[in-house]
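Where a number appears in this text, it was derived from the coordinates with a stated rule and is not lab data. All figures in this text were calculated on a predicted structure; none of them were measured in a lab. Every residue, glycine among them, receives a Cβ derived from its backbone with ideal geometry; neighbour counts consider all protein chains shown.
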Ligand SMILES: O=C(O)CCC(=O)C(=O)O
């Protein structure tokens, strides 16, 4: 099930022994938490209250075995296509076969590059300076390329399998339970952590708009489903500080200084198998280390908000330009959910499709076909970024 390995795996040098101990202890702490299991609903179709409560308390829940082998194979197929059509190097307009490279015809942000095992955001002012402390950057193998793509935004336009995943009826039903039946999109991405090359993502909290909101609460900045194509281990997973989504905006510089290293003592990794889906609260303190392990981690992240968190809000600035999010904008962006549902209906005709209430009563019929595939280019310029 794995695409080919990339060279030999370097390590954390002087910190290697500490990292290995940290991985081992973190995995143990993670598996002791009561926030993992199958995706369950009540008889009336609500996400099971035990899942909602554990998610609410810890900030994440690992839903085990949600995505089956057939769908994972489709996603892997598309992943291979994506990897094959990346620009030969940053700035190049062509892929390895001389074809126009992925994303080069787009205006919106899509490919994010890093030096191998680098930390492109840590300690910079990028993304509103929300990654204030740089992670340790291990030395890559000599044979490593100078830069690798580690993140793709707007990924639904590059992969029908990811679009169909976005229309997954049980995941959308779970989103409705957490954010209300009128829930709305945030953004969608693919994180690619290649063995021996994958970049780190410095500790941060997502969300830039509502920290001082008079009705601030633990979920006001929404959540993402993180779908794991191959699963993940302590060495390549996202790490989080359980419960930190309830603390408000944390002073990460002081936190890391007091901790004495980037190995935050109370953090845990998402330990997942292939097809597991993590419900991830964006407000948690989270990050990931450079992937010096021999294993790939590919996460497809599908983000959702409460409608009240975005309507009438001046958003953007991180994933696209600043704008006022009104009904029209939200509706236009939400059509991707309709396309996801229709694309899925065509691929899995025996499945009962999800009915997305905000689009269901509209006269406009939403079909996924060649014309709409062309029309969604740059759809992520409309991401609802808070
Ligand atoms: O996947 C990762 O390594 C980082 C994910 C992350 O920071 C996010 O989804 O907000």
Problem set entry | region 62-205 pair-distance distribution - Cα-Cα, 5 Å bins, rounded % | 2, 8, 14, 18, 18, 17, 14, 7, 2, 0, 0
Exercise. Relative to a virtual label point 7 Å from the Cα of residue 89 in the Cα→beta-carbon direction, which members of region 122-160 show backbone nitrogen distances below 19 Å?
Worked result: 140-150
Exercise. What order do you get for 146-154, 197-205 when each peptide is scored by the mean count of other beta carbon atoms within 10 Å, highest first?
Worked result: 197-205, 146-154
Exercise. According to the Cα gyration tensor, what semi-axes, each the square root of 5 times an eigenvalue, does the equivalent ellipsoid of region 1-148 have, listed from largest to smallest in whole Å?
Worked result: 33, 25, 18
Exercise. So how far, in whole Å, is the C-alpha centre of region 46-106 from the one of region 314-368?
Worked result: 18
For this session: Within 10 Å, count the other beta carbons around each residue, average over each peptide in 103-110, 363-370, 338-345, 232-239, and list them highest first.
Result: 232-239, 338-345, 103-110, 363-370
Problem set entry | Cα centroid separation - region 222-250 against region 126-170, whole Å | 14
Problem set entry | Extension gain, residue 50 back to residue 77 (0.36 nm per residue minus Cα-Cα distance, nm) | 6.2 nm
Exercise. Given R₀ = 35 Å, FRET efficiency for residue 99-residue 126 by Cβ-Cβ distance, to 0.05?
Worked result: 0.70
Exercise. Which order, highest average first, do 30-42, 264-276 follow once you tally other Cβ atoms within 10 Å for each residue and take the mean per peptide?
Worked result: 264-276, 30-42
Problem set entry | Label-point gap, in nm, between residue 217 and residue 327 - each point 7 angstrom along Cα→Cβ | 2.5
For this session: Please give the FRET efficiency for residue 250 paired with residue 11, using the beta carbon to beta carbon distance and R0 = 35 Å, rounded to the nearest 0.05.
Result: 0.75
Seminar exercise, completed: Log entry: pair-distance distribution for the chain, C-alpha pairs binned every 20 Å from zero, whole % per bin is 29, 62, 9, 0
Exercise. Under the Kirkwood approximation for Rh and a Cα-based Rg, what ratio Rg/Rh is obtained for region 135-214?
Worked result: 1.08
